[in-house]
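Scroll down for the structure; my scribbles are underneath it.
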Amino acid sequence: MLSGLQNIDHAILLYIQNNWHLPVLDPIMRGLSAAGELGFFWLIVSIPLLIRKKTRLAGLTTLLAIILSLVFGELILKNIIRRPRPFHEFPSVELLIKAPSSFSFPSVHAMTSFAAAGVLSAHYPKAAPWVWIMAITIAYTRLYLFVHYPSDLLGGMILGLICSFLLVKLFKTHKIRF
């Protein structure tokens, strides 16, 4: 079963690499990926929310969801699973960014993006389409740049959504206010 998943991962990733690369997109993808590093874009979005009392809960919940996903994904799961990145298996592919030194599963970019998007869309439903578009785009850059497999993104997305769901539910159920 794992070899079947790995074959699907390879097929999708190589298809993107061979068919969806455009030189005009390369700097855009590098920039969006850099913005997603350790949830940086989402921190920039959430920190101003901490200033006003009316938006503080959304800002704090977003920050906590990012931190929680980083702890479980970056510190725990990556070091347990220890999955090599795609460029280790396909060394002939030229990377457009510096090769990340950490393991591949789960994708931190996907985790933090989906953790933040889950919280922000729960607090601001009208902004949800834009938040999800940005989360998906940041996650996709990791495939485009050949530093993650699709299943790394899927794992990161699921973990990020679980973190956001648990925190939104916790604060809502216990009527926690800041």
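The values are calculated or read from the model by the stated rules, or taken from the named source; none is laboratory data. From a predicted model like this one, the values you see are computed outputs, not experimental measurements. We place every Cβ from the backbone using ideal geometry, glycine too, and count neighbours over all the protein chains shown. Just the protein is used for accessible areas: all its heavy atoms, side chains included, with ligands, DNA and RNA removed. Shrake-Rupley method; radii C 1.70, N 1.55, O 1.52, S 1.80 Å.
What the table below lists for this structure:
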read-out	value
Carbon plus sulfur fraction of accessible area for the chain, probe 1.4 Å, in percent	72
Magnitude of the charge dipole, region 1-116, Cβ model with Lys/Arg +1 and Asp/Glu -1, debye to 20	620
Residue-normalised accessible area of the chain, given per residue in Å² at a 1.4 Å probe	54
For MET134, solvent-accessible area (1.4 Å; no DNA, RNA or ligand), Å²	40
Anchor LYS98: lysines whose Cα lies under 25 Å away (excluding residues fewer than 8 positions away in-chain)	LYS78
Fluctuation leader among ARG85, ARG30, ARG52 - the chain, Gaussian network, Cα springs under 10 angstrom	ARG52
Accessible heavy-atom area order of LYS98, LYS169, LYS53, LYS78, highest first, probe of 1.4 Å	LYS98, LYS53, LYS169, LYS78
Full-extension gain in nm, LEU38 to LEU14, via 0.36 nm per residue minus C-alpha separation	6.1 nm
Computed accessible area, THR55, all protein chains, 1.4 angstrom probe, square angstrom	20
Charge dipole of the chain about the Cα centre (unit charges at C-beta), most positive-ward option of PHE146, PHE105, ALA65	ALA65
Of the DSSP H helices in the chain, those whose Cα atoms cover at least 30 Å axially and whose Kyte score averages 0.0 or more	150-173
Sparse-neighbour loop sites [chymotrypsin sites (Phe, Trp or Tyr not before Pro); region 85-166; at most 10 other C-beta within 10 Å; DSSP]	none
MRE, 222 nm, helices only [DSSP H, n ≥ 4, -39500 (n - 2.57), over the chain, to nearest 500]	-21000 deg cm²/dmol
Within a Gaussian network of the chain (alpha carbon springs, distance under 10 Å), most fluctuating of SER46, SER164, SER101	SER101
Simple spin-label estimate for SER3 and SER92 in nanometres, 7 Å along Cα-Cβ	2.2
Solvent-accessible surface ranking, highest first, for LEU159, LEU166 at 1.4 angstrom	LEU166, LEU159
Inter-part distance where region 34-76 and region 84-114 are each reduced to a Cα centre, Å	22
